[in-house]
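**Q** First the structure, then my questions, so here it is.
The values are calculated or read from the model by the stated rules, or taken from the named source; none is laboratory data. Since the structure is predicted, the reported quantities are computational estimates derived from the model, not experimental observations. Methodologically, a virtual Cβ is constructed for each residue, glycine included, from the backbone with ideal geometry; neighbour enumeration extends over all protein chains shown.
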Amino acid sequence: MTAKEYFVRVNAAERKIKILVAKLNHFEDLARTITSNTSALGGHQAGTSRVEQAAVGIVDATTRLRAEIEKYSAIITDAEKLIEQIPQERYRDILTLRYLCNWSFRSISDECHYQDPKSVYRAHGWALIEAQKILREQEKTADPEAS
């Protein structure tokens, strides 16, 4: 996997987390609605009530969503750790702003006082090369037989 592909996963993970959090909020709102409207669901059946069944289903769904959120959060955490290993501060800044904060090259250029976005784009390329070196080193460490 290239460094670029590695960091693009971060953006995908962030989007997925936003979707999962929206679903989680929806289920939590639904749970509040169900528990506050217990009389609207009607009588009690043998065993568990429809309210209890709905509440259990919502708890199960939220548990699964939280586990998925943790999985995608781990991708972001790994990217943060990789960026921290890059020796050059300006490269760390560019990769952080680009992939962890979703900034445009123009915004990075303005914030970091580059002459123009093309300068940031070039530095971004060098930053990806540094990240790629670290990724290769991690792959060698993980699988010494591969080298």
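**Q** If a residue has to be hydrophobic (A, V, I, L, M, F, W, C), crowded, with 19+ Cβ neighbours inside 10 Å and part of a helix (DSSP H, G or I) to count, how many in the stretch 83-111 make the cut? Write out each step before concluding.
**A** To start, the set of residues in the stretch 83-111 that are hydrophobic (A, V, I, L, M, F, W, C) comprises 83, 86, 94-95, 97, 100-101, 103, 105, 108.
Checking the rest, the ones that are also crowded, with 19+ Cβ neighbours inside 10 Å come to 83, 86, 94-95, 97, 105, 108.
Cutting the leftovers down to part of a helix (DSSP H, G or I) gives us 83, 94-95, 97, 105, 108.
Total meeting the criteria: 6.
**Q** What pairs come up if the first residue lies in the stretch 61-87 and is touching a residue at least 12 places away in the same chain (Cβ under 8 Å), the second is among the polar types (S, T, N, Q), and their beta carbons are under 6 Å apart, counting only those six or more places apart or on different chains?
**A** I83/T96
**Q** If you don't mind, there's one more thing I want to ask. Could you list, in sequence order, all residues of the stretch 119-137 that are without any contact (Cβ under 8 Å) to a residue 40 or more places away in the chain and closer than 25 Å to A12 by Cα? Let's see the steps before the verdict.
**A** Taking the stretch 119-137 first, the residues without any contact (Cβ under 8 Å) to a residue 40 or more places away in the chain are 119-126, 133, 136-137.
Correct list: V120, Y121, R122, A123, H124, G125, W126, K133, R136, E137.
**Q** Would it be correct to say that R136 is within 14 Å of T2 (Cβ to Cβ) and not assigned by TED's automatic domain parsing to the domain that holds A3?
**A** Values: within 14 Å of T2 (Cβ to Cβ): yes; not assigned by TED's automatic domain parsing to the domain that holds A3: yes.
Answer is yes for this residue.
**Q** The conditions are (1) surrounded by 17 or more Cβ atoms within 10 Å (Cβ to Cβ); (2) in the same structural domain as L20 (by TED's automatic domain parsing), and R66 fails exactly one of them. Which is it?
**A** Only one criterion in (1) surrounded by 17 or more Cβ atoms within 10 Å (Cβ to Cβ); (2) in the same structural domain as L20 (by TED's automatic domain parsing) is unmet by R66, namely (1).
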